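The values are calculated or read from the model by the stated rules, or taken from the named source; none is laboratory data. Since the structure is predicted, the reported quantities are computational estimates derived from the model, not experimental observations. Don't worry about glycine lacking a Cβ; one is built from the backbone with ideal geometry, like all the others, and counts go over all protein chains shown. To get the accessible areas, we keep the full protein, side chains included, count just its heavy atoms, and leave off ligands, DNA and RNA. Shrake-Rupley method; radii C 1.70, N 1.55, O 1.52, S 1.80 Å.
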Amino acid sequence: MTETKPFDISKRLVWDAYKRVKANRGAAGVDQQSIAEFELSLAGNLYRIWNRMSSGSYFPPPVSAVAIPKKSGGERILGVPTVSDRIAQTVATLVLNPILDPHFHEDSYGYRAGKSAHQALEVTRKRCWKYDWVLEYDIRGLFDNIDHKLLLKALHHHTDNKWVLLYVQRWLTAPMQKSDGSLISREIGCPQDAHFLQFYRICFSTMHWTTGWLRDTRAFHFVDMLMMGLSIVALVSKLFICISRLLIGLRSVAWRFIRRRRG
């Protein structure tokens with residue numbers, strides 16, 4: 001910790017976060033500033049992020065509400081941060097990932113370094129021949145119903161980093177700005193495009209392989225207890241049991257099973 005800054009955040013960390021955001025591209029936020037425009041005053045913009053985060057005076061701007069049509073009907077609302085805020089969120093992500101990643105199950109493939117959807121598909125193909133049944137489920141409106149207190153409690157369990165905890169709390173409550181300029185305050189839920197919550201996504205894209213009806217019943221009990229513990233028991237929207245040996249893989253976007261060709 002320096003004499004003038006309450007939080008010890010290195011400028012190198014901010015630079016590394018910027019490089020990741022630049023590589024990922026992404027749309028502009030509420031300020032309509034693109035990455036190219038951000039780079040017109042790169043040194044000054046990065047210094048401003050570092051200075052405010054190190055001083056404890058960084059307050060995230062509203063996220064831009066962008067409606068994405070769903071194949072099943074309706075819309076999914078994404079919260080798009082500004083370029084500056086994406087960099088700030090990535091700074092926190094770079095600190096959190098090494099702490100949280102070792103706690104994830106080995107079968108978690110999403111949003112993790114060295115893991116990919118292709119690896120998940122390969123494991124799925126192998127297990128289709130090894131196990132008789134697969135239980136797959138999804139949760140309706142997961143990010144719209146995240147309990148802030150529970151999430152912060154879980155985060156406190158894994159880190160005592162004061163600036164990470166401070167800014168995660170501020171990001172959770174940052175308002176969402178609609179296309180007409182009106183603001184929506186948030187006491188629950190989180191934008192699906194929040195970079196600092198990538199670790200939360202991984203927990204809920206789940207498949208449970210079983211060898212028979214007895215273990216399958218236990219799987220149902222496990223899912224039920226998990227949902228109760230997170231206060232989202234009523235939000236389970238899809239629950240399927242399939243004979244795995246009729247399957248050869250998954251389509252990762254729609255989670256569709258494909259039957260093996262006969263003959």
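Per-residue Karplus couplings for region 180-187, computed as 6.51 cos²θ - 1.76 cosθ + 1.60 with θ equal to phi - 60°, are listed in order as 8, x, 6, 10, 10, 6, 10, 10 Hz, Gly and Pro entered as x.
Note on K126: accessible area approximately 130 square angstrom, rounded to 10, probe 1.4 Å, nucleic acids and ligands left out. Within the assembled protein chains, the solvent-accessible surface assigned to H157 is about 150 Å², based on a 1.4 Å probe. You can think of it this way: the chain between Q32 and A67 has 10.9 nm of extra reach, that is 0.36 nm per residue less the Cα-Cα gap. Using heavy atoms of the protein chains and a probe of 1.4 Å, the accessible area assigned to W50 is about 40 Å². For K126, the lysines whose Cα comes closer than 18 Å to its Cα, not counting residues fewer than 8 places off in the same chain, are K115. Rounded, prolate or oblate: pick one for region 61-181, where a ≥ b ≥ c are the square roots of the eigenvalues of its C-alpha gyration tensor, a/c under 1.5 means rounded, and failing that, prolate if a/b is larger than b/c, else oblate. It is oblate, given that a/c is not under 1.5 and a/b is not larger than b/c. With a Förster radius of 51 Å applied to the beta-carbon distance between E122 and F59, the computed FRET efficiency rounds to 0.70. Total lysine pairs in region 1-107 at Cα distances under 28 Å, for residues eight or more apart or on different chains: 5.
Cβ-Cβ distance of I184 and R48, R₀ of 22 Å, FRET efficiency by 1/(1 + (r/R0)^6): the value works out to about 0.25. Taking the empirical scaling 2.2 N^0.38 Å for compact globular proteins as reference, region 1-142 has a Cα radius of gyration ratio of 1.34.
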